[in-house]
1. Pairs, please: C-beta under 8 Å, at least 6 apart or cross-chain, first residue surrounded by fewer than 19 Cβ atoms within 10 Å (Cβ to Cβ) and in region 76-97, second part of a loop (DSSP other than H, G, I, E, B) and of a type in the set (Ser, Thr, Tyr)?
2. Please go through region 3-51 and pick out each residue that is charged (D, E, K, R) and either modelled with pLDDT under 95 or under 12 Å from the mean Cα position of the chain (by Cα) (or both).
3. All but one of (1) among the acidic types (Asp, Glu); (2) touching an Asp or Glu at 6+ places or on another chain (Cβ under 9 Å); (3) in contact (Cβ under 8 Å) with a residue 40 or more places away in the chain hold for residue 70; which doesn't?
4. Under 6 Å by Cβ, and 6 or more places apart or on different chains, what pairs join a residue from region 41-58 that is within 16 Å of residue 79 (Cα to Cα) with one that is among the basic types (Lys, Arg)?
5. Against the condition aromatic (Phe, Trp, Tyr) and closer than 23 Å to residue 11 by Cα, how does residue 91 come out, does it pass?
Amino acid sequence: MVSLAPTASAADGWCTTTIGVDRGGYHTLVPATSGGSTSCLMGKGSSGEAVEALQLALVICHGLDTGGIDGVYGGQTVAAVRTLQSQTGLYPDGVYGPDTRGKVSWRWYASPGVGATCARL
């Protein structure tokens, strides 16, 4: 029996929370499943802190209009995700998943008062 590995775009479930990621003295929050996997999905109708983390990145790091950073994945967030996907060579379906995660520049914060930057994971 041959077992195939999942594709890079395979997701582990819905993004329902965020997890902290530390790198080079900076910290960011990224959408994750309840089990801690960042290989997750969000789409129209999703809500909560995972959506808020995505909206923050789209607004601050990409200059896109999500209709606010309110934690609601509504029509304007769908449109912003589609724009990002189009700009980065992905199929613009407006759904956040593993491929889109890899194209998002997240807001990374240093120690309080030190500064912040935008960068991909």
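The values are calculated or read from the model by the stated rules, or taken from the named source; none is laboratory data. Since the model is a prediction, treat every value here as computed from it, not as a measurement. Ideal geometry is used to build each Cβ from the backbone, glycine not excepted, and the neighbour counts take in all protein chains shown.
1. Filtered contacts from region 76-97: 76/66.
2. If the condition is that a residue be charged (D, E, K, R) and either modelled with pLDDT under 95 or under 12 Å from the mean Cα position of the chain (by Cα) (or both), then 12, 22, 23, 49 are the ones that fit.
3. Here residue 70 meets the rest and fails (3).
4. 56/107; 57/107
5. Values: aromatic (Phe, Trp, Tyr): yes; closer than 23 Å to residue 11 by Cα: yes.
Taking the combined requirement at face value, the residue satisfies it.
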